Amino acid sequence: MGGKKISTFTKTKKLFSKVSETVVFSAVILMTTLTGCSKKTSNENLAGQDGEDAELVEETFVKIESQSSTLESVMLGGSLWRLNASGYMEWVRDVPAGTAVGAYRNPNKDDSFPAEIMRNALRTSDWSRRNFVHVLYNSADYWAQEIFIAVDAKPGVVIDGGSFLYDSSDAAAKAGRWVGEGVELAVLNTHDASADAASSKMIPVSVYLRDYGLIPNKFMVAEKISTKADDITAMHILGKLGQRGGNGLLLIQDGVVRRELKDVAGRLDISDSVRAKIKNY
């Protein structure tokens, strides 16, 4: 439960443990550069969503305050906050969609919400009120806005061209909004893998779409989603390879760098469909 921070190199080395040292070294250098670009983009998006100043601040670890156990949960974007001495929420840092956190179980047995929640809390960025969920991330206490978190869920990513969202697991249900390939979402743990074949083809998900906000408790075709950690990583790498600037040009144009990143993704323990994407990219 300590607050010891892990260096960027250590995290990256662990992430690509199956890759040779030469490839990892190249990937570390490149991904460090990409992380800088990614933070800028994420901060701009955050400012658009929350109307807050997304200036990066130094992260500090705080004492663990809750004694309750946690539920596996997923951040669908948004930010991590801390509760100050005056009882207001202060912004700490933004997080990318798909970040796994633990949501503290709700100690209030009269509250139907499964996680510990503080409703109508004031945030210092604009003094507006929001609902916040108490979370554990990197062995430290934070709060996350309710609209950006899926409680009792695991990270997933949309593969194989994208998919529609459905209101129910009925195969004949009317299709709703489209979710594109590479979008990270939350697969709800209410899914029963042992269910009959018909219902197991659809699984419950929650997703945050910039143009619509949080879309909770929908269903998606199971084969369009993967919850494998290496699939998520590989799809993230492919997303970086396909990222374009305002001028329409690829942000990563160097052929050697692109081949190295594809090699990194290809060496991960990925599903056949994701491997085919890398091969044909």
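Can you pull out every residue in the stretch 268-281 that is touching a residue at least 60 places away in the same chain (Cβ under 8 Å) and under 11 Å from LEU238 (Cβ atoms)?
Those that are touching a residue at least 60 places away in the same chain (Cβ under 8 Å) and under 11 Å from LEU238 (Cβ atoms): VAL274, LYS277.
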Filter the stretch 140-160 down to the residues that are among the acidic types (Asp, Glu) and touching a Lys or Arg at 6+ places or on another chain (Cβ under 8 Å) and list them by number. ASP141, GLU146, ASP160
Those residues of the stretch 256-272 which are open to solvent by 30 Å² or more (accessible area, probe 1.4 Å) and farther than 23 Å from ALA153 by Cα, in sequence order: VAL256, VAL257, ARG258, ARG259, GLU260, LYS262, ASP263, ARG267, ASP272
Residue in the stretch 239-246 that is part of a helix (DSSP H, G or I), surrounded by 12 or more Cβ atoms within 10 Å (Cβ to Cβ) and within 17 Å of the chain's Cα centre (by Cα) present: yes
I'd like the full set of residues that are under 15 Å from SER139 (Cα atoms), open to solvent by less than 20 Å² (accessible area, probe 1.4 Å) and among the small types (Gly, Ala, Ser), limited to the stretch 86-106. GLY102, ALA103
Show the residue pairs that are 6+ apart or on different chains and have beta-carbon atoms under 6 Å apart, the first residue being within the stretch 252-267 and touching a residue at least 60 places away in the same chain (Cβ under 8 Å) and closer than 15 Å to THR233 by Cβ, the second being surrounded by fewer than 16 Cβ atoms within 10 Å (Cβ to Cβ) and of a type in the set (D, E, K, R). ARG267/LYS18
Of everything in the stretch 108-156, what is at negative phi, open to solvent by 60 Å² or more (accessible area, probe 1.4 Å) and not in a strand (DSSP E or B)? Give them in sequence order. ASN108, LYS109, ASP110, SER112, PRO114, ASP126, ILE147
Please find, within the stretch 169-205, the residue that is most open to solvent (accessible area, probe 1.4 Å) out of those that are at pLDDT 90 or above and outside any strand (DSSP E or B). GLU181
Conditions (1) over 16 Å from ILE159 (Cα atoms); (2) in contact (Cβ under 8 Å) with a residue 40 or more places away in the chain -> LYS174 fails only (2)
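The values are calculated or read from the model by the stated rules, or taken from the named source; none is laboratory data. Please read these numbers as outputs of a predicted model, since none were measured by experiment. Positions of Cβ are backbone-derived with ideal geometry, glycine not excepted, and every protein chain shown enters the neighbour counts. Quick note on the areas: whole protein, heavy atoms, side chains included, nothing else; ligands and nucleic acids left out. Shrake-Rupley method; radii C 1.70, N 1.55, O 1.52, S 1.80 Å.
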